[in-house]
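The values are calculated or read from the model by the stated rules, or taken from the named source; none is laboratory data. All figures in this text were calculated on a predicted structure; none of them were measured in a lab. Quick reminder, even Gly has a Cβ in these numbers, built from the backbone with ideal geometry, and neighbours come from all protein chains shown. These area figures cover heavy atoms from the full protein model, side chains too; ligands, DNA and RNA do not enter into them. Shrake-Rupley method; radii C 1.70, N 1.55, O 1.52, S 1.80 Å.
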Amino acid sequence: EIRNIADEIRSRGHAHSAQVVSNRAQKADRKDAAALGVVAGTPVFHSIVVHHEAGIPIQLEDRIVLASAAPGYGNADFT
């Protein structure tokens with residue numbers, strides 16, 4: 001089960017914030033393509049987000065998402 005970090009932080013009575021370091025469309029390199037079971041060059045989104053609990057960074061989220069599986073991912077607001 002993957003829990004929502006923001007919900008987890010709020011359940012402890014603390015404030016959650018997120019800093020989006022990057023969120024961009026790109027082509028999958030060989031490593032990411034192999035992990036996703038696609039060919040290199042397949043369109044993906046790559047996002048990096050730092051989650052904070054009460055102002056302290058506690059989690060670094062580094063995601064590669066298939067563009068075909070989540071076409072609106074690049075426009076999502078992760079803050």
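Observations
- If you go through the stretch 27-50 and keep only what is under 18 Å from the mean Cα position of the chain (by Cα), open to solvent by 50 Å² or more (accessible area, probe 1.4 Å) and touching a residue at least 12 places away in the same chain (Cβ under 8 Å), you end up with 27, 35, 36, 43.
- Filter pass, residue 24 being in a strand (DSSP E or B), open to solvent by 30 Å² or more (accessible area, probe 1.4 Å), in contact with a strand residue (DSSP E or B) (Cβ under 9 Å, 6 or more places away or on another chain) and among the basic types (Lys, Arg): yes
- Unique match (being out of contact with any strand residue (DSSP E or B) (no Cβ under 6 Å at 6 or more places or on another chain) and among the polar types (S, T, N, Q)) among 42, 79: 42
- Look at the stretch 51-79: where a residue is at pLDDT 95 or above and a partner is in a loop (DSSP other than H, G, I, E, B) and open to solvent by 80 Å² or more (accessible area, probe 1.4 Å), sitting 6+ places away or on another chain with Cβ atoms under 7 Å, you get 53/14; 54/14.
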